[in-house]
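Here the structure is laid out as structure tokens; the discussion comes afterwards.
The values are calculated or read from the model by the stated rules, or taken from the named source; none is laboratory data. These numbers were taken from a predicted model, which means no experiment stands behind them. Glycine also receives a Cβ, built like all others from the backbone with ideal geometry; neighbour counts cover every protein chain displayed. Each accessible area value is taken on the protein alone, full model and side chains, heavy atoms only, with ligands, DNA and RNA left out. Shrake-Rupley method; radii C 1.70, N 1.55, O 1.52, S 1.80 Å.
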Amino acid sequence: MAAVQLSGIFKRYGDIQVVHGIDLDIDDGEFVVLVGPSGCGKSTLMRMVAGLEEISGGDLMIGGTRANGLAPQQRNISMVFQSYALYPHLSVYENIAFGPRIRKEPVANFKPRIEAAAKMLNLSGYLDRLPRALSGGQRQRVAMGRAVVREPSLFLFDEPLSNLDAKLRVQMRTEIKALHQRLKNTVIYVTHDQIEAMTMADRIVVMNAGRIEQIGRPLDLYDRPANLFVASFLGSPSMNFAEGIVTAGAQGPALKFGDGVEVALPGAVAAEAAPGAKLTLGVRPEHVELDVAGSGNGGNDTATAMDIEVVEPTGAETHLYGKIGGSTWCVTTRRRAAFEPGQRVTLRLPAEHLHLFDTESGQRIA
Ligand code: ADP
Ligand code: MG
């Protein structure tokens, strides 16, 4: 098993730089998920770690050894891609055995490994089949089996579940996580799916345009996003935002939106915020409270009215959409009341769940 260190890693294609100085320390046995929108450089970074792409600058250490110049096969890495890249004319057994065969390992040596991997991945009954006689999930498991029997010190996964249907994706997510808990290997897992990142990672690395926006444990990023990008990227439905200007309100400094609604600023922020400063308020859909009876609880929570425009029942909860501060907001509720478009509801914004960002820089404030 291996720890991995990336220091100042960048990548240039001719004049175009696509990865801009990545610093990342991954512990031995850690499951790290790189997440970010399409084109942000995730695959490029993975391919540099795997040795499939030259590193333009910076240092890559794998298991304490500088790996920049090592050939892929010298890095002791297994990689699983979105396309499973199985050999169509080879049986499941031979697909999994491909690595050991190439290395001319004795059969007695690798056969037990293949049988153990097949058992672990529920493929024991399929070893004689060709890939075309397998379901998508089974093919994906064969690709993982091939990766596992190599007993690598580092696993790289690049969007391995993107081609599977939704139900299978959820199932495979759990299987990959269980596999990691059994093998305790180091994993770097790439996805553009924030739910996959949240559910699988020990630590998440949020990337954007070739840079790291934030690194942290899933719930830490969810609860304290460092900037607007991370705040809007993690969570579904996404965090609600409203841009405002700091004013000296009657009850102390407040944030005033375009539609005239004012939200009292929490003490710590109020002390620093200068009148006229442009701030963006963020609050997650599940943290907005519906005050149907209109009773309120007093305190310093802000109450504001929203006219419901769209109602989306998902079964477990209902999403209500309307406008606040000129932006479309979503409120999720588990209440089974009969909400309707046109209905006016009162929203309470609990002070402890408000996020504030500098509108210009996008950085979190206090
Ligand atoms: P992701 O995996 O996050 O979707 P990629 O790492 O595939 O992103 O791509 C990052 C950026 O690098 C993209 O803008 C892409 O167009 C560019 N890129 C990738 N490969 C090459 C290449 N061989 N030549 C030039 N640009 C490339
Ligand atoms: Mg990619």
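Can you find even one residue in segment 332-340 that is under 16 Å from SER238 (Cα atoms) and touching an Asp or Glu at 6+ places or on another chain (Cβ under 8 Å)?
Taking segment 332-340 first, the residues under 16 Å from SER238 (Cα atoms) are 332-333.
Subset that is touching an Asp or Glu at 6+ places or on another chain (Cβ under 8 Å): 332-333.
Yes, that holds for at least one residue.
Is there a residue in segment 159-170 that is under 21 Å from ILE22 (Cα atoms) and open to solvent by 10 Å² or more (accessible area, probe 1.4 Å)?
To start, the set of residues in segment 159-170 that are under 21 Å from ILE22 (Cα atoms) comprises 159.
From what is left, the residues that are open to solvent by 10 Å² or more (accessible area, probe 1.4 Å) are 159.
Yes, segment 159-170 contains at least one residue that is under 21 Å from ILE22 (Cα atoms) and open to solvent by 10 Å² or more (accessible area, probe 1.4 Å).
Filtered by the rule that a residue be within 16 Å of ligand 2 (Cβ to nearest atom) and either open to solvent by 10 Å² or more (accessible area, probe 1.4 Å) or of a type in the set (S, T, N, Q) (or both), segment 131-158 gives a lone residue, ASP158.
Among the residues of segment 185-213, those identified as closer than 27 Å to LEU279 by Cβ, open to solvent by 10 Å² or more (accessible area, probe 1.4 Å) and within 16 Å of ligand 1 (Cβ to nearest atom) are GLN194, ASN208, ALA209, ARG211, ILE212, GLU213.
Only residues that are part of a strand (DSSP E or B) and not basic (Lys, Arg) were counted in segment 203-254, giving 24.
Scan segment 65-89 residue by residue and report those that are out of contact with any strand residue (DSSP E or B) (no Cβ under 9 Å at 6 or more places or on another chain) and surrounded by fewer than 16 Cβ atoms within 10 Å (Cβ to Cβ). Break it down into steps so the answer makes sense when it comes.
Residues of segment 65-89 out of contact with any strand residue (DSSP E or B) (no Cβ under 9 Å at 6 or more places or on another chain): 65, 69, 71, 73-74, 83-89.
Hits for segment 65-89 are THR65, GLY69, ALA71, GLN73, GLN74, SER83, ALA85, TYR87, PRO88, HIS89.
For segment 103-134, a residue qualifies if it is free of Cβ contacts under 8 Å to residues at least 24 places away in the same chain and not in a helix (DSSP H, G or I), and the qualifying residues are ARG103, LYS104, GLU105, PRO106, ASN122. One residue alone among GLN82, GLN140 is in contact with a Pro (Cβ under 9 Å, 6 or more places away or on another chain), away from ligand 1 (no atom under 16 Å from the Cβ) and modelled with pLDDT under 90, and that residue is GLN140. Selection of segment 28-44 for residues being surrounded by 15 or more Cβ atoms within 10 Å (Cβ to Cβ), within 16 Å of ligand 2 (Cβ to nearest atom) and in a loop (DSSP other than H, G, I, E, B) yields GLY36, CYS40, GLY41.
So, VAL33, is that one under 19 Å from the mean Cα position of the chain (by Cα), within 12 Å of ligand 1 (Cβ to nearest atom), at pLDDT 95 or above and among the β-branched types (Val, Ile, Thr) or not? For VAL33, the condition - under 19 Å from the mean Cα position of the chain (by Cα), within 12 Å of ligand 1 (Cβ to nearest atom), at pLDDT 95 or above and among the β-branched types (Val, Ile, Thr) - is not met. The criterion of being modelled with pLDDT under 95 and assigned by TED's automatic domain parsing to the domain that holds LEU134 holds for GLY64.
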